[in-house]
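J.: This is the structure I have questions about; it appears just below.
Here, each number is a calculation from the coordinates, and none is a lab measurement. Just so it is clear, the structure is predicted and the values come from calculations on it, not from any experiment. Cβ placement follows ideal geometry from the backbone for every residue including glycine, while neighbour counts extend to all protein chains displayed.
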Amino acid sequence: MKKKTNVATPAIDNTELMIALQELEKEKGIKKECLLESIESALVTAYKRNFDSEENVKVTMDKKTGEVHIYALKDVVENVENQNSQILLEDAKKIDKKFAVGDKAEIELAPKNFGRIAAQTAKQVIVQKIREESRNVLFEEFDNKKGEIVSGIVQKADGNIVVLDLGKLEAVMPAKEQIPTERYHVNDKIRACISQVEKGAKGSPQITVSRASTEFVRKLFELEIPEIYEGVIEIKSVSRDAGSRSKVAVYSPNANIDPVGSCIGQKGIRIQNIINELHGEKIDVIEWNEDPSIFISAALLPAQVMAVDVHEDEKFAQVIVPDDQLSLAIGKSGQNARLSARLTGWKIDIKSESQFREMISKAQEETENEEQE
C-alpha cells in the first residue's frame, strides 16, 4: 500500500511558469505534459545534487498551479537497516496511523531554498527542451520530404561537396550525388532531391540532396506532367547515366491516354523543361508493357529490333537487330544496352542479324558433326 503523509509543506508557486508552458505548447507545439515530466525528472537530480542526498525521491508538479512537491519514498519496516530507503513503523504511524509494514510511504520534504533551485532547473530544462523540440520538428519536416525536390542557394562549392542553404538549415550534396557535367558556383540557385535525412551528434538534422539520382528525374516528371502527379500516368521505372542519358518507362491503364505523348507534350515543351533542368541530358520516354519482349524492344529505342527471345526463369533476353542497328542498340560504351537492362530488370544480349545467322549456322554444324561421330 502506498500512502502520502499529511504534513503541510510550503509549495513552490510557479504560476508564471505554467503560463509560459502553455504558450510554448501553442507556439512551438511542445506538449506541456512532456515538459512537466522532463522538469520533474530534472528536479529529482537537482535535489539529490544540491542536498547531497541518497534518498529515493519523487517530485511532482501540479498541472494547473505549477506547485512543486518533493517526496522521500521509504519502505515501512519494523527494523530500519537503511535510513535513506526505510522508515520505522512506529515513526510512520506518527504520520499516518494506517501505515503498516510493507507499505510505501511518501514523506513530503521542505528543503530550504529549493524554490530558487527549482526555478533555475525548470528554466534550463525548458531551454534545452525547446532546442531539442525545434530540432525534432525540423527533422520530421525534412524526413517527410524525403524524395521531394527542394530549392537552395549554393553556399560552398569546392569540387567535392556542395553545401546548399535551404532556408531553415543547410544540406550537403556529395560528389557522387552531383551531375558530373555540371559545375556549381556560390550563390547559384539550384534544385535537388532530398535523398537522406539523419540526426547528427547533437540531434540536428543532417540532410543529403542529389541531382544525380533516378529519383530526381522521377520527381521532375511529376512536377512537369500533371497526369503523373494526379496518378493518371504511372512511372514504372527509371534508369540513368547522370548528365548523359535517362530512360523513363511510363504506363497508363486508360487506353485513351497516350502516356509517352503526354510526357513529351505539345511540340515537346514538357520534356524540354526537364531536359533544361538537367542541362541537356538526353531523355528517352518509353511505354511500359507487361509483355517483356515488347517492353525490351521499346527500351532499346532508338534502335529497331527484329526479334526478342525471352527466358523467363533466368530473366534473360536474346535480342536480334539489323546489322546497321547493332552499334545503335548497344550505344556508345554500351550505354543504351546498359540503361535498357536497368530499366527492364532483364539481362539483355544483343546480336546483329548476321551474328545470329552465323551463330545458328555454327550450332547446326556442331550438331551435324556430333551425329556423324
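J.: How would region 41-94 be classified by its alpha-carbon gyration tensor: rounded, prolate or oblate, with rounded meaning a/c under 1.5 and the a/b versus b/c comparison settling the rest?
T.: Oblate is the answer for region 41-94, as a/c is 1.5 or above yet b/c matches or exceeds a/b.
J.: Also, I was wondering about something else. How about region 234-337: which GluC sites (Glu not before Pro) there lie in a loop by DSSP and see at most 10 other Cβ atoms within 10 Å?
T.: Those satisfying the criteria are Glu290, Glu312, Glu314.
J.: Follow-up. Each label point is 7 Å from the Cα along the Cα-to-Cβ direction; what then is the distance between the points at Asp324 and Glu222, in nm?
T.: Between Asp324 and Glu222, the simple spin-label model gives 4.4 nm.
J.: Taking the Cα centre of region 2-141 as the origin, how large is its charge dipole in debye, to the nearest 20, when only Lys and Arg (+1) and Asp and Glu (-1) carry charge on their Cβ atoms?
T.: 200 debye
J.: Here is a further query. Can you list the HN-Hα couplings for region 40-53, worked out from phi with the Karplus curve (6.51, -1.76, 1.60; θ = phi - 60°), rounded to whole Hz and with x for Gly and Pro?
T.: For region 40-53, the Karplus curve yields 4, 5, 5, 5, 4, 5, 5, 4, 5, 6, 6, 10, 6, 9 Hz.
J.: A further question follows. Taking neighbour Cβ counts within 10 Å as the exposure measure, how do Leu24, Leu17 sort from fewest upward?
T.: Leu24, Leu17
J.: Hey, can you grab everything whose amide H is under 5 Å from the amide H of Trp346? Only 5+ residues off in sequence or another chain; H modelled, so Pro and N-termini drop out.
T.: Counting only residues 5 or more places away or on other chains, the set is empty.
J.: With all pairs of different alpha carbon atoms counted, what Kirkwood hydrodynamic radius in Å does region 89-186 show?
T.: 19.4 Å
J.: Okay, helix-only estimate at 222 nm for the chain: each DSSP H run of n ≥ 4 adds -39500 (n - 2.57), divide by all residues, round to 500 deg cm²/dmol; what do you get?
T.: Result for the chain: -12000 deg cm²/dmol, rounded to the nearest 500.
J.: So how tilted is helix 114-143 from the main axis of the chain? Cα-based, degrees 0 to 90, rounded to 10.
T.: For 114-143 against the chain, the angle is about 10 degrees.
J.: 5 Å is the cut-off here: which amide hydrogens, built 1.01 Å from N in the peptide plane, fall below it relative to Gln86, excluding neighbours closer than 5 in sequence?
T.: Asp75
J.: Counting Lys and Arg as +1 and Asp and Glu as -1, each charge on the Cβ, what is the dipole of the chain about the Cα centre in debye, to the nearest 20?
T.: Its charge dipole is roughly 2480 debye.
J.: Which one, Ala298, Ile19, Gly261, projects farthest toward the positive side of the charge dipole computed for the chain from Cβ point charges (K/R +1, D/E -1)?
T.: Ile19
J.: Moving to a separate point now. Once Lys and Arg get +1 and Asp and Glu get -1 on their Cβ, which of Ser151, Leu169, Phe356 lies farthest toward the positive end of the dipole of the chain?
T.: Most positive-ward Cα: Leu169.
J.: Could you tell me how many degrees, from 0 to 90 and to the nearest 10, lie between the Cα long axis of helix 335-344 and the main elongation axis, the longest principal axis, of the Cα atoms of the chain?
T.: Once rounded, the angle reads 60 degrees.
J.: Roughly what angle does helix 15-27 make with the longest principal axis of the chain, taking Cα atoms, 0 to 90 degrees, to the nearest 10?
T.: Roughly 10 degrees, rounded to the nearest 10.
J.: Starting from the 7 Å offset along Cα-to-Cβ, what nm value, one decimal, do you get for the label separation of Lys97 and Lys123?
T.: About 4.8 nm separates the two model spin labels.
J.: Identify which of the listed values of Kirkwood radius over Cα pairs in Å was calculated from the structure shown: (i) 27.4; (ii) 20.6; (iii) 23.9.
T.: Among (i) 27.4; (ii) 20.6; (iii) 23.9, the one derived from this structure is (i).
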